[in-house]
1. Is the shape of region 2-237 rounded, prolate or oblate, going by the alpha carbon gyration tensor and its root eigenvalues a ≥ b ≥ c, with a/c under 1.5 for rounded and a/b larger than b/c for prolate?
2. What are the ³J(HN,Hα) couplings of region 164-171, residue after residue, when phi is run through the Karplus curve with 6.51, -1.76, 1.60 and θ = phi - 60°? Round to Hz, x for glycine and proline.
3. Would you kindly state the longest site-free stretch of the chain, with sites defined as trypsin sites (Lys or Arg not before Pro) in a DSSP loop (not H, G, I, E, B) surrounded by at most 16 other Cβ atoms within 10 Å?
4. Explain nothing, just the number: dipole magnitude of region 2-237 about its Cα centre with +1 on each Lys and Arg Cβ and -1 on each Asp and Glu Cβ, in debye rounded to the nearest 20.
5. Where is the GNM fluctuation largest for the chain (alpha-carbon springs, 10 angstrom cutoff): P202, P219, P144?
6. Within the chain, how many Lys pairs sit with Cα atoms under 15 Å apart, leaving out pairs fewer than 8 places apart on the same chain?
7. Whole-Hz Karplus ³J(HN,Hα) for region 220-225, in order, using 6.51 cos²θ - 1.76 cosθ + 1.60 and θ = phi - 60°, x for Gly and Pro?
8. Return the FRET efficiency for the residue pair N68, D237: r is the Cβ-Cβ distance, R0 is 30 Å, and the value is rounded to the nearest 0.05.
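Coordinate-derived values only; no laboratory data. Note that the coordinates shown come from a computational prediction; the quantities given were computed from them, not determined experimentally. Using ideal geometry, Cβ is built from the backbone for each residue, glycine included, and neighbour counts are taken over all protein chains shown.
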Amino acid sequence: MQYVVAVLVGFVLAEVATFISTVYLHRVLSHKSIRLHPALTMVMRFGTWMLTSISPREWVAVHRKHHNFTDVEGDPHSPHVEGYWQIMIGNVYYYRREANDGDTLEKYASDLPYDRLDRMLLRRGILGFSLTGVILVLVMGLWPGLVALATLAVVYLGFSAAINGAGHTVGYKTFENDATNLRLLALITFGEGLHNNHHARPAAPKLSAFRGEFDPAWPIIRLLVALRLAEVLTRVDEGWENHRRRIPKTTPGPLGKSTAAAKVVVKD
Ligand SMILES: [Zn+2]
Ligand SMILES: [Zn+2]
């Protein structure tokens, strides 16, 4: 039973890490679509350090380069360039390969220099993740604590690989880019699975675009805005139509014929 609890704890922590990644690393730092209150920024910085061991400067640089060279030579982690299973299994290798390139950091994240807190503490990512491990072991016992820590790592890395691999290979496309939307993945990655939408409008603060899509981070962001802990800086819904896919998609109706709704899409 204690190992079931350990796996659950690890999964919940991976969800928290994924939420921090999509809101802070992705929407706040990489695309500047949201601004956070300084206190919440500090929570996000320590959360990133303790749950992912990621350097925000590195993550942002690699991610911006991915947007610059999406699915062509130069993309740090494209399944179309490297191969599907290479990314699904080796995503972390491709990430590190790019993150270790000083030129990439200088070129794509010059707006995010290391500050004193980074230099003193947060640049030591392994230290943050180890601290989480020590806390889990002290609270849960040696083996359950390690199982929770391992679950956190495996689930978080699995989600990241799925976004970068499956999110550029399988799923549906509303817009003309090589990324794909996966509704189910979006539900467990706080909207990141709606990756085709994201590549169409990288600066959109909300990743869902049309009916039937749900970005679970969005209601939380709105709550943070209501609490004056966050501010949305870019347009939320306006703008999707400008990026709408030109190729009309016909969907068969219940009797196998095109429905009125499908005709509207065609007309569009
Ligand atoms: Zn992408
Ligand atoms: Zn992005």
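1. rounded
2. So the J values, rounded to whole Hz, are 6, x, 4, x, 10, 9, 10, x.
3. Values: sites that count: K32, R123, R124, R211, R228, R235, R245, R246, K249, K257.
So the longest stretch without any such site is 33-122.
4. On the way: 22 positive and 20 negative charges, 142 e Å.
The dipole magnitude comes to about 680 debye.
5. P219
6. Going through the chain pair by pair, I get 6.
7. Values, residue by residue: 5, 4, 5, 5, 4, 5 Hz.
8. Numbers: r = 26 Å, r/R0 = 0.86.
Between N68 and D237 the formula returns 0.70.
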